[in-house]
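What follows draws every value from the coordinates through simple rules; no lab data is involved. It should be emphasised that the depicted structure is a prediction, and the values quoted were computed from it without experimental measurement. Positions of Cβ are generated from backbone atoms using ideal geometry, with glycine treated the same way; all protein chains shown enter the neighbour counts.
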Amino acid sequence: MIALLVARGFPRLVQPADLSLDPSGRFQWTCLQEAVSTANKKITAQVALGVGVDERIEANHPALRTAFVQSVRTRQRIVIDNVARLFDNHDWDSALAFQTAMRRSTISVYCTLHTTYLERLDPRTLRVIITDRLHQSRERQEISQFRKILQKQRVRVKPKASSETPSHATKRLAAYEDAFLSIQIHKICEDWIKDGQSPPFTVRAIVDGLNEKGIQTQRGRPWTSPNLRKFLRTKRTESPESFPFEWIQLPDVKSAD
């Protein structure tokens, strides 16, 4: 099988070897290796699909064409960890056009997250997957744009006059990041349950899951048990119904994870 890795923030000519130190690249590669091994197959080639952070992947992307050509020549199927990665930064119309182009290519693309081939995905299910990804992508773009505004206005140093106070701006940014982190933790737990693991999961395990995916704190640092535990306890106090706390082992007193 041909492993397709989506490399956000890398140039189009990126090589799979260049992703060896990238957390997202390591995560994708691990998922692909495990899925292919479970299916008693082998990875015969790797193709890294480099694209800018704010760019969207088009059907004529050089690396995507390379993967398709190799697939036809070698009669090997393409495997990707999450086909939804291909729809980042799209709007709904371009996502539909890209989906149509992928289906018409007659190339089998296997998605390890959904354990099926793209052409076999129920249209309604695929629509939900794409819609969810577009929402996540839009949310990340809003966070990025908002950070740039804060940085440009030097909110933490010497804020300029604005209709929005610095404290309000900081709260908005915190709310964006709170929602993003909550979604990521929810998905990590869901993936573990799909893999047959039984909740509740420890804070230490979730910390490892976040760091493996390359998700950092607001200050750009790796997660640790104490700061994640603090976040979860605050979340449980503020909105106990909005988070699957039955999936998480969260002691009320300090204890080892």
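Where both residues lie in the chain, what percent of DSSP beta bridges are antiparallel, nearest 5? Before the final figure, lay out each step's value.
Working: 2 of 16 bridges.
About 10 percent, rounded to the nearest 5.
Mind sorting Leu21, Leu86, Leu181 by how few other Cβ atoms lie within 10 Å of their own Cβ, fewest first? Before the final figure, lay out each step's value.
Working: Leu21 8, Leu86 26, Leu181 19.
Ascending Cβ contact count within 10 Å gives the list Leu21, Leu181, Leu86.
Amide H neighbours of Phe201 under 5 Å, counting only residues 5+ apart in sequence or on other chains, H built in-plane at 1.01 Å?
Result for Phe201 returns Ile248, Gln249.
By counting other Cβ atoms within 10 Å of each Cβ, how are Ser20, Ser71 ranked from fewest to most? Write down the numbers at each step before the final one.
Numbers: Ser20 10, Ser71 22.
Lowest count first: Ser20, Ser71.
Kindly state, to the nearest 0.05, the FRET efficiency for Lys194 paired with Val53, given R0 = 22 Å and r defined as their beta-carbon distance. Kindly include the intermediate steps, with their values, before the conclusion.
Working: r = 28 Å, r/R0 = 1.29.
Once the sixth-power term is evaluated, E becomes 0.20.
Rank by packing, highest mean first: peptides 214-224, 53-63, 24-34, with packing defined as the count of other Cβ atoms within 10 Å averaged across residues. Don't skip to the answer; put the middle values down first.
Details: 214-224: 12.6, 53-63: 14.8, 24-34: 17.9.
Sorting 214-224, 53-63, 24-34 by mean packing, highest first, produces 24-34, 53-63, 214-224.
For the stretch 2-123, what does the alpha-carbon gyration tensor say about shape, rounded, prolate or oblate, given a ≥ b ≥ c as the root eigenvalues, a/c under 1.5 as rounded, and a/b over b/c as prolate? Please report the intermediate quantities before stating the final value.
Details: a/c = 1.40, a/b = 1.06, b/c = 1.32.
Cα axes put the stretch 2-123 in the rounded bin.
Might you report the magnitude of the Cβ-based charge dipole of the stretch 2-123 about its Cα centre, with Lys and Arg at +1 and Asp and Glu at -1, to the nearest 20 debye?
Magnitude of the dipole: close to 620 debye.
In what sequence do Ile206, Ile248 fall when counting other Cβ within 10 Å, fewest first? The partial results should precede the final answer.
Details: Ile206 25, Ile248 21.
Least crowded to most crowded, the residues run Ile248, Ile206.
Compute, for the chain, the length of the dipole vector about the Cα centre, with Cβ point charges of +1 (Lys, Arg) and -1 (Asp, Glu) only. Units Debye, rounded to 20. Intermediate values should be presented prior to the final figure.
Numbers: 40 positive and 28 negative charges, 141 e Å.
That gives a dipole near 680 debye.
Considering the dipole of the chain built from charges on the beta carbon (Lys and Arg +1, Asp and Glu -1) around the Cα centre, which of Leu19, Val83, Gln184 is farthest to its positive end?
Leu19
So, in Å, what gap is there between the alpha-carbon centers of the stretch 186-246 and the stretch 84-109?
For the stretch 186-246 versus the stretch 84-109, the Cα centre distance is 31 Å.
Using only the C-alpha atoms of the chain, find the volume of their convex hull and express it per residue in Å³.
On the way: hull volume 41.2 nm³, N = 257.
Value for the chain: 160 Å³ per residue.
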